[in-house]
Amino acid sequence: MTLTLNRPAAEHATVSDTGKTELVVGGTGVTELAKTYGTPLYAYDAGTFRSQLHSLRDAVGERVDVYYSVKANPNVEVIRVFVEEGAGLEIASAAEYVRARSAGGASDRILFAGPGKTPDELDYVLSEGIGEIHLETEEEIVLVSDIAKKLGRRVPVALRINPIAAVQGGSMRMGGKPTQFGFDEENADDVVAHIEQHPSLDLTGVHLFAGTQGLSANTLLAQWAHGIDLARRMAERLGRPIKTVDMGGGLGIPYFASDKPLDLSVIKAHAPQMFADAAALPGLRDAKFILEPGRFLAGPAGIYLARVLSVKQSRGSTFVILDGGMHHHLAASGNLGQVIKKDYPIVLANNLNAPLQEGSQIVVGPLCTPLDTIGRKVAMPTVNTGDLVAVKQSGAYGLSASPIGFLSHPMPAEVLVEAGTEPRVIRPRGDFKQPVTLLP
Ligand SMILES: Cc1ncc(COP(=O)(O)O)c(C=O)c1O
């Protein structure tokens, strides 16, 4: 018999049969998840994927079409949750295209961005059908034009722009400085002229993406305003309206103790009006405004759950050794683009409310490298062998962004939990004979 406590979504908890308060994912407690599906384990709450999408749509208003950036979590069943909610899909490889289609994504609701698309990839997605290709290099202009000619049709393309002195804010900047992403804004006129020389390219859109993990609503609003202005100028330059204005992803979620969640009420106070004003501009009257977040939509829905193998002391420090680590969750170890390594939210998942132990503990994985440290200064209750530790905010850039082959540990299972139904295994666990399988 369990009792669900009334807590905010990210803090769902239940009192287990043992009387301890434990973390819950989509209505199922972690003890049961670990017992049924084993550890290490990724567990995702389908309801949180949906509520993230709905809260973003509510904040930005109906003129914005939200696409899910597949790279954040490319499990086909995760993509399917977003497709079923009507989201479009942003992909960065032909393999992501295949996954997007397997998840039920309509070809005209898929757009393809990325600085290095191969001829084979472009040929494949164009032959199968795609909403828009986002051009990022001169070579790509010629390549896409040649494939379009071969296929005997015009191909909708957008120009990806690396903004000037971008409105910044994300911890990992992708614009406003020299970068491999898109064309420098100062050269946009020349690039537009080049694209216009290719009759098989239908220049329909503009794409601007300045960075990821943005937690400031005002910075995001400024980036989007810049995207709108860029699109307005491009429409003037072309002498015809622009059809798509893609303002990228980059909406952040709080990971670290000092992070404040993105204030959607600030976005809601300004964004709908901003897009309504933009849609009144002559060059943007038919335009569709796109946001393509990954982290914001997927991150809060997932936990990475691991079992404690041992707890040991070394020269005054407590090490909690887990059966999972950076090979499954590189980002939590701080080795995926973090300059200063800070701890993800880590909890003793099977005993949330036990009193905190004095001082902090070091949470590590089983790999033979000090890089495999998941938490450096974790405040937790006293931990025992057999306990369950969860890394929260792990639904995005988790498994697929990790060095899964390193030390040949078996891949963890992934389960999708839907409140009121049995959890579903959406990736089977690997084993010693076949530790690493292709992503399902
Ligand atoms: C073109 C593009 N769109 C969307 C995203 C998703 O970014 P985020 O997960 O920060 O929203 C990325 C991330 O790198 C990207 O490169």
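What follows draws every value from the coordinates through simple rules; no lab data is involved. What you see is a predicted model; the values in this text were computed from it and never measured. All Cβ positions, even for glycine, are placed from backbone atoms using ideal geometry, and neighbour counts span all protein chains on display.
Observations on the model:
- Amide H partners (placed H, <5 Å) of residue 426, local residues excluded: 414, 415, 416
- Think of segment 273-417 as having a plus end and a minus end, set by charges on the Cβ of Lys, Arg, Asp and Glu; of 346, 311, 326, 311 sits farthest toward the positive end of this dipole.
- Kirkwood hydrodynamic radius (C-alpha pairs) into Stokes-Einstein, segment 271-390, 20 °C and 1.002 mPa s, D in µm²/s: 127 µm²/s
- Flagged links, alpha-carbon separation over 23 Å, of 260/377; 312/377; 35/71: 35/71
- In segment 1-116, the inverse of the mean reciprocal separation of distinct Cα atoms equals 16.1 Å; this is its Kirkwood hydrodynamic radius.
- Segment 250-336 shape via C-alpha gyration tensor axes, a/c threshold 1.5: prolate
- For segment 113-293, the mean projected area of the C-alpha convex hull, equal to one quarter of the hull surface, is 10.5 nm².
- Long-range HN-HN contacts of residue 155 with modeled amide H, under 5 Å: 201, 202
- The amide H of residue 246, built 1.01 Å from its N in the peptide plane, has 206, 207, 208, 290 as neighbours under 5 Å, considering only residues 5 or more places off or on other chains.
- Cα-Cα pairs of segment 365-440 separated by more than 20 Å (percent): 47 percent
- Diffusion constant of segment 56-148 at 4 °C, which comes from Stokes-Einstein with the Kirkwood Cα-pair radius and 1.567 mPa s, µm²/s: 95 µm²/s
- Among beta bridges that DSSP assigns inside the chain, antiparallel share in %, nearest 5: 45 percent
- Mean separation of Cα contacts under 8 Å (6+ apart) over length of segment 113-293, as relative contact order %: 19 percent
- Among 52, 361, 197: highest mean-square fluctuation, GNM of the chain, C-alpha pairs under 10 Å: 197
- Once the Kirkwood radius over Cα pairs is known for segment 203-347, the Stokes-Einstein relation at 20 °C and 1.002 mPa s delivers a diffusion coefficient of 119 µm²/s.
- Only alpha carbons enter this Debye calculation for the chain, each as an equal point scatterer, and the log10 of I(q)/I(0) it gives at q = 0.07 Å⁻¹ is -0.37.
- Max mean-square fluctuation residue, GNM over the chain, Cα-Cα springs under 10 Å, options 373, 318, 28: 318
- Anisotropy class of segment 85-214 from Cα gyration tensor, a/c 1.5 cut: oblate
- Each label point was placed 7 Å from the Cα along the Cα-to-Cβ direction; for residue 434 and residue 128 their separation is 2.3 nm.
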